[in-house]
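The values are calculated or read from the model by the stated rules, or taken from the named source; none is laboratory data. Bear in mind that the values here come from a model prediction, so they are computed numbers and not experimental data. Don't worry about glycine lacking a Cβ; one is built from the backbone with ideal geometry, like all the others, and counts go over all protein chains shown. Keep in mind that these areas ignore ligands, DNA and RNA; they rest on the heavy atoms of the full protein, side chains included. Shrake-Rupley method; radii C 1.70, N 1.55, O 1.52, S 1.80 Å.
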Amino acid sequence: MSVFPNAAFLTSAHEAHQFVSDAGAEVAFAGRSNAGKSSAINTILNRRNFARTSKSPGRTQLINFFSLVDDQRLVDLPGYGYARVGRSLRKHWRGLLAEYFESRMSLQGLFLVVDSRRGPGDFDWQMLDWSRMIECPVHVLLTKADKLKRQEASRTLAAAQKDLGDTATVQLFSATKNQGLEEARGVLEGFLAG
Ligand SMILES: Nc1nc2c(ncn2[C@@H]2O[C@H](COP(=O)(O)OP(=O)(O)O)[C@@H](O)[C@H]2O)c(=O)[nH]1
Ligand SMILES: [Mg+2]
């Protein structure tokens, strides 16, 4: 059973004027491509293929809006990080993301999806920066935790907590093993409740 059985795709935006009406509450998901963002969204919502997963990274170039329930939404932000993406597209994304963060009064929280084996990179620090500027709380999912041995996992979590300080909360997560699922769902519901 899905946590949001009526969740549905609303629209994709390539330009800010295509954003859906800024009412109610929304939670955004961001992450460098291939970090496991689509897998995390699908697992948290318990919906297969809700956000499209891909083995060829860099395809998700738009801001995707989904309705969860009533006027609560999930927003899938584009991620970059692969050389194959051209400079002009990167510049466009940067502008679009900046506009998103500056304009959305309904944004209640950000899930930042980070591959646990890589840790936060430039893209992630940029997201943290923008979130801090608008006082939007951030929760970091350290994904693919199933690929870490138990000791590595706890070291990785401790290192991330130290790096992030009080800029974000952080947890280990695995979409394939459903690890950290209840914690992530609790944070999502907390964000949406305002
Ligand atoms: N082992 C493992 N692989 C994962 C996990 N989450 C995602 N992946 C894999 O990582 C790749 C990228 O995942 P995807 O969700 O499409 O990443 P996105 O580009 O950030 O949306 C895919 O091959 C997934 O199967 C996880 O929790 N564990
Ligand atoms: Mg994806």
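For this structure, a couple of remarks:
- Rounded percent of accessible protein surface that carbon and sulfur make up, the stretch 144-184, 1.4 Å probe: 48 percent
- Point-charge dipole on Cβ atoms (K/R +1, D/E -1) for the chain, about Cα centre, debye to 20: 1160 debye
- Set of lysines with alpha-carbon distance to K91 below 27 Å, sequence-local pairs under 8 removed: K37, K55
- Taking every DSSP bridge with both residues inside the stretch 59-171, close to 35 percent are antiparallel.
- Of all DSSP beta bridges in the chain, antiparallel share, percent nearest 5: 35 percent
- Per residue solvent-accessible surface (Å²) - the chain, probe of 1.4 Å: 52 Å²
- For the pair the stretch 14-50 and the stretch 120-194, the centres of their Cα atoms are 15 angstrom apart.
- With contacts taken as Cα pairs under 8 Å and at least 6 residues apart, the chain reaches a relative contact order of 24 percent.
- Close amide H contacts of D115 (hydrogens built in the peptide plane, cut-off under 5 Å, sequence separation of 5 or more or a different chain): T143.
- Charge sum, other residues only, whose C-beta stays under 15 Å from G190's C-beta, Lys/Arg counted +1 and Asp/Glu -1: -3
- For the chain, calculated [θ]222 nm from helices alone, where every DSSP H run of n ≥ 4 adds -39500 (n - 2.57): -10500 deg cm²/dmol
- Computed on the chain, the Cα convex hull volume stands at 109 Å³ per residue.
- Inter-label distance for K177 and H17, nm, one decimal - labels placed 7 Å from Cα along Cα-to-Cβ: 4.9 nm
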